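S.K.: I'd like to ask some things about the structure below.
The values are calculated or read from the model by the stated rules, or taken from the named source; none is laboratory data. In this text the structure is predicted, and so the values were computed from the model without any measurement. In this analysis, Cβ positions are derived from the backbone assuming ideal geometry, glycine residues included, and neighbour counts consider all displayed protein chains.
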Amino acid sequence: MTDRTQSYILQEYPAGTKMFRQGDKGGWVYAIQSGTVEIRREFRDQDCLLAVLGPGDFFGEMSVINERPRCATAIVREPTQLLGMQRGFFMELFHKDAEIAGRLARIMSARLDHANRWLEVLLFARPDERVVHSLRLLVEEQVERDKVRRGAVYLPFTLRELADRAGVTSDQAVDVVERLAGDGLITSASAAEIDGPGYVVAEAGALLDFLGVSGQATDDRLVNASGSMYSAMGQSWA
């Protein structure tokens, strides 16, 4: 996939290319120049979508720095141009440039928090819990990205992507979304006259009411299962 004799290489990869698999030995770090890459992880015998990365993002750094196996799988979603950096070249940059090292440390910390929160979603047994908590996390991420503090939030994600994030089947996701729509908590983008895929969440805080549980009950359930999560979770983006 990459020329192992070079320190770095700029190359375009077709959709569907697996840059590496969970459990592989790490030797290269990749920076996305154009296109998108999915980061997926096997968790409790389920293939779950952890993130979709785009231009300016990088991945594969954790296993290179820690010299441990890849903790996730990276799959090219569309024709994508990547700058691949061999471990020695990447580590030289890491040690020589304090600004790069500091920025990388901050990004890795944020990514670990992001991965932990998504893996927490998978601890819930019921599909409706997984979908609702996935929606809440997606809203939080979209609000942070758009710097919007109030009002309804548009989530530009397809039903398939929502199901992947929640670790449920498409049929299960459809069932929950239809019930949420019936309660007025979510609206399809087309119904909201938005040109594009996705949904509009009227009020993220009201989603928990749909489950009939309090925030404290949710926190308690996660605390009881936290040992399982931390023993299985990965770190950063592979």
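S.K.: Six or more apart or on different chains, Cβ under 8 Å: which pairs go from a residue in region 81-98 that's surrounded by 14 or more Cβ atoms within 10 Å (Cβ to Cβ) to one that's of a type in the set (Val, Ile, Thr) and assigned to a helix (DSSP H, G or I)? Could you list them?
M.R.: Sorted first by the residue in region 81-98, then by its partner, the pairs are Arg87/Val64; Phe90/Val64; Met91/Val64; Met91/Ile65; Leu93/Ile100; Phe94/Ile65; Phe94/Ile100.
S.K.: Please specify each residue of region 1-45 satisfying the condition of being in contact (Cβ under 8 Å) with a residue 60 or more places away in the chain, touching a Leu at 6+ places or on another chain (Cβ under 8 Å) and outside any strand (DSSP E or B).
M.R.: Within region 1-45, Arg44 is the sole residue that qualifies.
S.K.: May I ask you to say which residue of Phe94, Phe90 is in contact with a Leu (Cβ under 8 Å, 6 or more places away or on another chain), at negative phi and part of a helix (DSSP H, G or I)? Give the derivation first.
M.R.: Numbers: Phe90 fails: in contact with a Leu (Cβ under 8 Å, 6 or more places away or on another chain).
When all the criteria are applied, what remains is Phe94.
S.K.: Restricting attention to region 62-74, does a residue exist that is modelled with pLDDT of 85 or more, in a helix (DSSP H, G or I), β-branched (Val, Ile, Thr) and not assigned by TED's automatic domain parsing to the domain that holds Phe157?
M.R.: yes
S.K.: With respect to the numbered conditions (1) part of a loop (DSSP other than H, G, I, E, B); (2) in contact (Cβ under 8 Å) with a residue 60 or more places away in the chain; (3) closer than 28 Å to Leu123 by Cβ, which one is the sole condition not fulfilled by Cys48?
M.R.: Result: Cys48 passes all but (1).
S.K.: Let me ask something additional. Return only the number of the condition from (1) farther than 24 Å from Arg160 by Cβ; (2) out of contact with any Asp or Glu (no Cβ under 9 Å at 6 or more places or on another chain); (3) modelled with pLDDT of 90 or more; (4) not basic (Lys, Arg) that Gly54 does not satisfy.
M.R.: (1)
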